[in-house]
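Let me begin by presenting the structure, written as structure tokens, before commenting on it.
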Amino acid sequence: MADDKRIHFIPPLPSKREKRVGIYCRVSTNSADQLKSLTAQVSALTRLTAANPKWLLVDVYIDIASSKTGSSRKEFSRMLQDCQSRDLEIILTKSISRFGRDTVEILDALNQLRVLGVRVIFEQEVLDTADTDNDLMISIIEAVAQAENESRSDNIKWGIKQRAAQGTSKLYNRKCYGLYFAS
């Protein structure tokens, strides 16, 4: 039967990767710890993408930018442009707090992406914008994260003021150089 020329075995085609995926990662500073965190984010999300046979990794977008308003997030903007160009269908990110800096910014971006038909998956919170029931949960989690960041910032500012008032601040131990202009 093996010599029968009428029977041809045709192997199945490998499954086509149908969904174009982008990974977005952000850290606040370029300190060694933050860069290590960045590497871990990229690695974990790349493995997650590779594990899904229907996903094709298109690009990785990386920003090193603080949560201060006005700090540039060029890769985030480039990612949104790629979504508008229909280059991406899914965005993977570590967490809601890594995706945006405040509730308004995150909700604006998510609304823009929803209109474009782009899903955002927050790996740490196990939330997917494709599930409309997650909208409220995303808003609540981001509002809590924003409040924590504001509280942390207020605590740092308060600590600096207290150390300055007590004379224990190291901010004033530095040498100060200035220019003297003779009249």
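Using the Karplus curve 6.51 cos²θ - 1.76 cosθ + 1.60 with θ = phi - 60°, work out ³J(HN,Hα) for each residue of segment 49-58 in order, rounded to whole Hz, and write x for Gly and Pro.
5, 5, 6, 9, x, 9, 9, 10, 6, 8
Based only on the alpha carbon positions, what is the Kirkwood hydrodynamic radius of segment 32-93, in angstrom?
Answer for segment 32-93: a Kirkwood hydrodynamic radius of 13.1 Å.
Counting only pairs 8 or more residues apart or on different chains, how many lysine pairs in segment 7-125 have their Cα atoms under 23 Å apart?
Total qualifying Lys-Lys pairs in segment 7-125 comes to 9.
Considering only C-alpha atoms, what is the centroid distance from segment 138-166 to segment 45-63, in Å?
Taking the Cα centre of segment 45-63 as reference, the centre of segment 138-166 is 34 Å away.
Provide the descending list of Cα extents for segment 17-68 along its principal axes, expressed in whole angstroms.
Result for segment 17-68: principal-axis Cα extents of 36, 19, 12 Å.
Any read-out appearing in this document is the output of simple, stated calculations on the displayed coordinates, not a laboratory observation. Keep in mind that this is a model prediction, so the values were computed, not measured.
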